[in-house]
Amino acid sequence: VTPEELVERLGSRFGDVSLAYGEVTAITSREKLVDNLEALKEDPDLRFDFLSDVSGTDWPDDDLRFWVAYHLYSLEGKHRLRLKVGVSESDAHIPTITGLFPGADFLEREVYDMLGVEFDGHPDMRRILLPEDWEGHPHRKDEELGGVKTQYKGGAFIPPVDQRLQK
Amino acid sequence: VTTEMRPEVTQETMIINMGPQHPATHGVLRLVLELDGETVVDVKPIIGYLHTGIEKNCEYRSWMQAIAYVTRADYLSPLFNELAYCLGVERLLGIEAPPRAQSLRVMLTELNRIASHLVYVATTGMELGAVSVMLYGFRERERILEIFEMITGLRMNHAFIRIGGLAMDLPDGVDEKIREFLEVMPKRLDEYEKLLSRNPIWVERNLGVGYLAPERAVELSTTGPVLRASGIAKDVRRDEPYCGFEQYDFDVVTRTDGDCYARYEVRMEEMRQSLRIVEQALDSLPGGPVMVEDPKVRWPAQLTVGPDGIGNSEEYVEKILGGSMEALIHHFKMVTEGVAVPAGEVYQVVESPRGELGLYVVSDGGYRPYRVHVRDPSFVNLQSFRDQVVGQMISDVIAIGAALDPVMGGVDR
């Protein structure tokens, strides 16, 4: 299945399907996310049976601030699709897809750790890379690079990069 | 996913902490093991000890500078990290590296694959008691690192693959050095196999240990030798070729046993296939530049390898400081500001020694990456650890961890 064909086939299912840089992106609502993924997985022609990646991006000026991208792959057809879900800051919840793709476990935990988007129904929704008692979600755009009191025992204050240079 | 796997417990269980500093966990991996006698009832991998915020740091650097960050993620395969990032940015920019750079990228990354698999066989040998293999593995890896040092000026974290090509062309004399290595290496691989393949301890510790069924391996999104040892022939080089991989003649190695021994066999055979690819790349190396001509993209300096690593050539420094004001302004602009990348997003995959390495690169049209996400194969593969370990003996934890070959720099980023 070529990217162009994929856009055509997915057009009826998703309102917003686009092709850029040779990659197909479809946007779905979080209510329909699991159903859509299941349909894509079971579709006999498309067979998106492999989850490559789950990652998130922060767009602080938009109503839907956090966008989580699911990168799907078909082992048989060797085609790819990016499925995106946007959520607002006040309601940063997305249903987990670990029921369909158990491999999403660590990846969803990383998105939660770094962006603060919670995945409802995830079997183990905890931080994964940062310490359990860490405050904040560092990949948010309003979090500085540095400029935090390092939260390990006896930690020092590291000023943000820009201020570091001025001293 | 979690509770149904717990085996029947016969007595009171014991919780044992292993790591994060442990000689047999391949870096700072911490495992919390629940044991029933010597049988593992449950395991929780705890990661993050090597988290350095590479992805966040990229957002505060120019597109070119970010290469020096991503290369440090999976430190056993730095060239793959650079390659995936640069291919992604090149696609956003709508440019393609010249043919010579493409072939050299293939050659360098395949040498890097051999070096990485050598570390696997060396450290696994050490962990399972075959210390001589450890010494031999690191000895041969050293030859590759010497080649890398000759070409890039550095043994690791090269930042050699650049947006639009490579930092510089091959130096004199490196061709013979690589051919020498191609000559020696097949014999060495035979030697390792003589030492390991019929070694009763090695076989006993690996054969039938850490079984992963193909369906489960796919469900858990494992890639690389772990997936291929379970019989699924997924290899990005073959399935979604980059850098002209469709021109090269090589086999995608698979085994069907899905255990630690099969992963060992896959990696040994992959090293032979990589040698084939390096030879083909070297034989058919096209001439021409190693960097795109567009002055708005290419790094302005002319780099050479000096005694202290890569630096600007003396003629170039003379030109911008004494010769041409325009050249100096251009140099200053390119170094401080760099290149603006059109808005958009790409997910670029390459086949790293540990599997599918994906870089999700997002641009908002600015001079810095808006978001760089590394889908590191070690991180994702580590999820299959629990499946393999539960119900096994505690000594198998070491063999299974070694055969997964996680690199914590990539896991934690």
Condition (residue is without any contact (Cβ under 8 Å) to a residue 24 or more places away in the chain, buried (at least 21 other Cβ atoms within 10 Å of the Cβ) and in contact with a Lys or Arg (Cβ under 9 Å, 6 or more places away or on another chain)) applied to region B:126-146: is it met by at least one residue? no
Checking B:E314, B:E356, B:E351 in turn, the sole residue that is at negative phi and modelled with pLDDT under 85 turns out to be B:E314
Flagged in region A:60-72 as without any contact (Cβ under 8 Å) to a residue 24 or more places away in the chain and more than 8 Å from chain B (Cβ to nearest Cβ), in numbering order, are A:D61, A:W67
So is A:G99 touching a Gly at 6+ places or on another chain (Cβ under 9 Å) and at positive phi or not? no
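Of the residues in region B:229-275, how many are within 14 Å of chain A (Cβ to nearest Cβ) and in contact with a Phe, Trp or Tyr (Cβ under 6 Å, 6 or more places away or on another chain)?
Pass one, region B:229-275, residues within 14 Å of chain A (Cβ to nearest Cβ): B:230-242, B:245-246, B:252, B:254.
With the extra rule that they be in contact with a Phe, Trp or Tyr (Cβ under 6 Å, 6 or more places away or on another chain), the set shrinks to B:237.
The qualifying residues number 1.
Check B:R61, B:R72, B:R100 and return the single one that is of a type in the set (K, R) and within 14 Å of chain A (Cβ to nearest Cβ). Talk me through it step by step, then tell me what you get.
Working: B:R72 fails: within 14 Å of chain A (Cβ to nearest Cβ); B:R100 fails: within 14 Å of chain A (Cβ to nearest Cβ).
B:R61 is the lone residue from the list that is of a type in the set (K, R) and within 14 Å of chain A (Cβ to nearest Cβ).
What's the total number of residues in region A:74-90 that are part of a strand (DSSP E or B) and within 8 Å of chain B (Cβ to nearest Cβ)?
2
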Matching residues in region A:97-109 (assigned to a loop (DSSP other than H, G, I, E, B) and either crowded, with 21+ Cβ neighbours inside 10 Å or within 8 Å of chain B (Cβ to nearest Cβ) (or both)) number 5
Selection from region A:115-148 of residues over 15 Å from A:G56 (Cα atoms), in contact with a Pro (Cβ under 6 Å, 6 or more places away or on another chain) and either assigned to a helix (DSSP H, G or I) or within 11 Å of chain B (Cβ to nearest Cβ) (or both) yields A:E144, A:G146
For region B:259-296, the count of residues that are in contact (Cβ under 8 Å) with a residue 40 or more places away in the chain and among the polar types (S, T, N, Q) equals 2
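So in region B:368-413, with the set limited to residues that are in a helix (DSSP H, G or I) and of a type in the set (S, T, Y), which one is surrounded by the most Cβ atoms within 10 Å (Cβ to Cβ)? Spell out how you get there, then give the answer.
At the first step, the residues of region B:368-413 found to be in a helix (DSSP H, G or I) are B:377-389, B:394-404, B:408-412.
Now restrict to residues that are of a type in the set (S, T, Y): B:378, B:384, B:395.
Details: B:S378: 30, B:S384: 24, B:S395: 12.
Going through the qualifying residues, I end up with B:S378.
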Within region B:213-228, restricting to residues that are more than 12 Å from every other protein chain (Cβ to nearest Cβ) and in a loop (DSSP other than H, G, I, E, B), the one that is surrounded by the most Cβ atoms within 10 Å (Cβ to Cβ) is B:G224
If we keep only residues of region B:346-367 that are touching a residue at least 40 places away in the same chain (Cβ under 8 Å) and acidic (D, E), then the residue surrounded by the most Cβ atoms within 10 Å (Cβ to Cβ) is B:E356
- Has region B:170-193 got at least one residue that is under 25 Å from the mean Cα position of the chain (by Cα), within 30 Å of B:V341 (Cβ to Cβ) and at pLDDT below 90? yes
Checked pairs for region B:242-258, first more than 16 Å from B:V106 (Cβ to Cβ), second modelled with pLDDT of 90 or more and of a type in the set (D, E, K, R), C-beta under 6 Å and 6 or more apart or across chains, list as B:V253/B:E269; B:V253/B:E270; B:T254/B:R228; B:R255/B:E265
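The values are calculated or read from the model by the stated rules, or taken from the named source; none is laboratory data. These numbers come from a predicted model, not from an experiment. Cβ sites come from the backbone with ideal geometry, for glycine too, and all protein chains shown count toward neighbours.
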